Amino acid sequence: AVAEEVRKIQDDVESVAAEERKRAAEDAARRQAVADQVADEAIRRDAAKDEGHRKKAAELRARMDKILEEEAEQERRATKLAAKVAAAAADRLQLDETTAALEQRTRQFEEAAELEL
């Protein structure tokens, strides 16, 4: 029962983490698409204009790459947090199980002591 509860908690945590990763990936894809459009448009204009536009397109792409790197780091942190939450839940369940066992053992000792009297 404890193992099943731990699995349920881990499944819930993994589900939340998966949703967060999915959302981050979708956001990243949208941002990348926008960045690609902006960069492509800038590149088209660059063909007819000066070097300044090319630099701007490169800057935009570099900024988007930085955003994507930050999102990847957020995803890594979310995954680590999910693992820590699952471990804490497992520890809590283990603690509850140990406490229940100690309480039962205490009752057994008390009953044995009463019988000896």
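The values are calculated or read from the model by the stated rules, or taken from the named source; none is laboratory data. Since we're looking at a predicted model, the values are computed, not measured. Note that each Cβ is placed from the backbone with ideal geometry, even for glycine, and that neighbours are counted across all protein chains shown. To get the accessible areas, we keep the full protein, side chains included, count just its heavy atoms, and leave off ligands, DNA and RNA. Shrake-Rupley method; radii C 1.70, N 1.55, O 1.52, S 1.80 Å.
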With x for Gly and Pro, the residue-by-residue ³J(HN,Hα) of the range 64-74, computed from phi through the Karplus equation 6.51 cos²θ - 1.76 cosθ + 1.60 at θ = phi - 60° and given in whole Hz, is 5, 4, 5, 4, 5, 5, 5, 5, 5, 5, 4
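Work through the residues other than residue 104 whose Cβ is under 15 Å from its Cβ and net out their charges, Lys, Arg +1 and Asp, Glu -1. The partial results should precede the final answer.
Details: positive: 105, 107; negative: 96, 97, 103, 110, 111.
Local net charge: -3.
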How much FRET efficiency would the formula 1/(1 + (r/R0)^6) give for residue 92 and residue 24, where r is the Cβ-Cβ distance and R0 is 35 Å, rounded to 0.05?
0.80
Taking r as the C-beta separation of residue 8 and residue 99 and R0 as 30 Å, the FRET efficiency to the nearest 0.05 is 0.90
Residue-averaged 222 nm ellipticity for the chain, from DSSP H runs of 4+ at -39500 (n - 2.57), nearest 500:
-36500 deg cm²/dmol
Can you tally the net charge around residue 93? Count Lys and Arg as +1, Asp and Glu as -1, for every other residue whose Cβ sits under 11 Å from the Cβ of residue 93.
-2
Inter-part gap, Cα centre of the range 2-17 to Cα centre of the range 34-68, in whole angstrom, is 44
With θ set to phi - 60°, apply the Karplus curve 6.51 cos²θ - 1.76 cosθ + 1.60 along the range 29-39 and write out the HN-Hα couplings as whole Hz, x wherever there is a Gly or Pro.
5, 5, 5, 5, 4, 5, 4, 5, 5, 4, 5
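Once you list every other residue whose beta carbon is under 13 Å from the beta carbon of residue 18, what net charge do they have if Lys and Arg are +1 and Asp and Glu are -1? Intermediate values should be presented prior to the final figure.
Values: positive: 21, 22, 23; negative: 11, 12, 14, 19, 20, 26, 75.
Net charge in that neighbourhood comes out at -4.
How long are the three semi-axes of the equivalent ellipsoid of the range 1-65, in whole Å, if each is the root of 5 times an eigenvalue of the C-alpha gyration tensor, listed from largest down?
Its equivalent ellipsoid spans semi-axes of 46, 9, 4 Å.
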Residue-wise HN-Hα coupling along the range 3-16, computed from phi with Karplus coefficients 6.51, -1.76, 1.60 (Hz; x: Gly, Pro):
4, 5, 5, 4, 4, 4, 5, 5, 4, 4, 5, 5, 4, 5
Limiting things to C-alpha atoms, what are the Rg and the maximum Cα-Cα separation (Dmax) for the chain, in angstroms?
28.0, 103
Pairs of alpha-carbon atoms within less than 8 angstrom and 6+ residues apart define the contacts here; what relative contact order does the chain have, in percent?
39
Give, as ranges by residue number, the residues of the range 21-48 whose backbone N falls under 17 Å from the point 7 Å along Cα→Cβ of residue 85.
21-25
Carbon and sulfur atoms account, in whole percent of the 1.4 Å probe accessible area of the chain, for 54
Length gained, residue 70-residue 58, 0.36 nm per residue minus C-alpha separation, equals 2.5 nm
